[in-house]
Amino acid sequence: MGITQLNDKKTALLLSGGVDSSVVLHELVSNGITPDCFYIKIGPEEDEEWDCSSEEDIEMATAMAHRYGCKLQVIDCHKEYWDEVTKYTMDKVRNGFTPNPDVMCNRLIKFGAFHDKKGHEYDIIATGHYAQTEIIEGKKWLTTSPDPVKDQTDFLAQIYDWQLKKAFFPIGHYTKEEVRAIAEREHLINARRKDSQGICFLGKINYNDYLRRYLGEKPGAIIELETGNKIGKHKGLWFHTIGQRKGLGLGGGPWFAVKKDIERNILYVSHGYDPETAYRKSFCVNDFHFLTEGIQELPEHVTFKIRHTPEHHKAKVIRNGQSFIIESETAIHGVAPGQFCVIYDDEHHKCYGSGEIGI
């Protein structure tokens, strides 16, 4: 869908205060579309001491909306985020899994809670994601951005098909450099503002502090996998993920986290650079979520990724009941239960959706 096709559509824009959504606003207005702008306010509890950037974000969003003659409304989705996304995250890490709050934030908040509060009044919900949509054989598909570093289809791979129908990504065909160039050319107030880092909506909150706030600490042994020797202590298995190299607090490294024993509260590590124990070529994907309405099967040959990186991997898919077995052509480092495996066609263009990596 192109911007010119929005002329008869009632359009909402999620305006974050960052450069990406600001360029989206410029693109829409330049093409005759005047969207209603919304800032989704989600941050720590009011009495928290954590530093949150929402005040600055709102100032930026307000300035951009005013410049382009658009209305800006702040939508408070604080309770929904901390009830739903935080609950999902803590339930997963407590059970030894590696969750992705950003992925669930898109489904539950940006295209979920916002829709319930205001988005249901609109035909189109535009965002600054680096992704595209295409109508292929009569069906709407999520497709990749030409910028492999910034492509965010992996973060969108859990939204519902009805959410995808409304979603529109006006800068998805640009690279980040092109977006910055547009912002500089138009003298946007946030043209040189740095991209946000870390977990969606958590501002400058450290992820481990976020976990500690809700789960506390639970010390246990760190054991070398090959020898069975105890070589240290951890403060809680939820502070570590499979494949982790930094932050283990061990001397004589490098060390890699390769296994968790939840019942015995043990973290197993392996010594050496990229040990074989940290690699897998085959793994199971459960509860696969298909993005496009009416699609319920994966092709035999696909590409996939298990983390937000430019690289993708070729694989063969085997159906196993309600799950899928992914047989990668190359060994993958740091495959962790609970991570989302995002599946694309063999050209890494169409995104089928994602599922959770099993134990």
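Across q = 0.14, 0.15 Å⁻¹, the stretch 72-161 modelled as identical point scatterers on its alpha-carbon atoms has Debye log10 I(q)/I(0) values of -0.61, -0.69, in the order of the q list.
With all distinct Cα pairs included, what does the Kirkwood hydrodynamic radius of the chain come out to in Å, to one decimal, could you say? One over the average 1/r among Cα pairs gives 21.7 Å for the chain.
Give me the percent of accessible area attributable to carbon and sulfur for the stretch 65-187, probe 1.4 angstrom. Exposed carbon and sulfur together represent 50 percent of the surface.
Answer rounded, prolate or oblate for the stretch 1-152, using the Cα gyration tensor with square roots of eigenvalues a ≥ b ≥ c: rounded when a/c is under 1.5, else prolate when a/b is larger than b/c, else oblate. Since a/c reaches 1.5 but b/c is at least a/b, the shape of the stretch 1-152 is classed as oblate.
Normalised by 2.2 N^0.38 Å, where N is the number of residues, the alpha-carbon radius of gyration of the stretch 269-359 equals 1.07.
Both numbers refer to the Cα atoms of the stretch 229-308; Rg and Dmax are 17.0, 53 Å.
Under 5 Å between amide hydrogens, built in the peptide plane, is the criterion, and for Phe283 it picks out Ile326, Ser328 among residues at least 5 positions away or on other chains. Dividing the summed helix terms, -39500 (n - 2.57) for each DSSP H run of n ≥ 4, by the number of residues in the chain produces a 222 nm estimate of -5500 deg cm²/dmol to the nearest 500.
Measuring between their Cα centroids, the stretch 260-336 and the stretch 95-137 lie 23 Å from each other. Straight-line cross-link reach from Lys139 at under 13 Å between alpha-carbon atoms covers these aspartates and glutamates, not counting any fewer than eight positions away in the same chain: Asp161, Glu293. Size descriptors for the stretch 126-171 (Cα atoms only): Rg and Dmax, in that order, 10.0, 29 Å.
I'd like the trypsin sites (Lys or Arg not before Pro) in the stretch 70-121 restricted to DSSP loop residues with at most 13 other Cβ atoms within 10 Å, sorted by number. Could the numbers behind the result be given before it?
Values: sites: Lys71, Lys79, Lys87, Lys92, Arg94, Arg107, Lys110, Lys117, Lys118; in loops: Lys71, Lys118.
Counting only loop positions with at most 13 other Cβ atoms within 10 Å, the trypsin sites (Lys or Arg not before Pro) in the stretch 70-121 are Lys71.
With protein chains left intact and a 1.4 Å probe, residues in the chain average 46 Å² of accessible area per residue. Between amide H atoms placed 1.01 Å from N, distances below 5 Å from Asp346 occur with Thr303, all of them 5 or more places distant or on a separate chain.
The peptide list 30-40, 9-19, put in order of mean Cβ contacts within 10 Å with the highest first, becomes 9-19, 30-40.
The values are calculated or read from the model by the stated rules, or taken from the named source; none is laboratory data. Fair warning: this is a prediction, and the values are worked out from it, not measured in the lab. We place every Cβ from the backbone using ideal geometry, glycine too, and count neighbours over all the protein chains shown. Remember, those area values only see protein heavy atoms, side chains included, never the ligands or the DNA or RNA. Shrake-Rupley method; radii C 1.70, N 1.55, O 1.52, S 1.80 Å.
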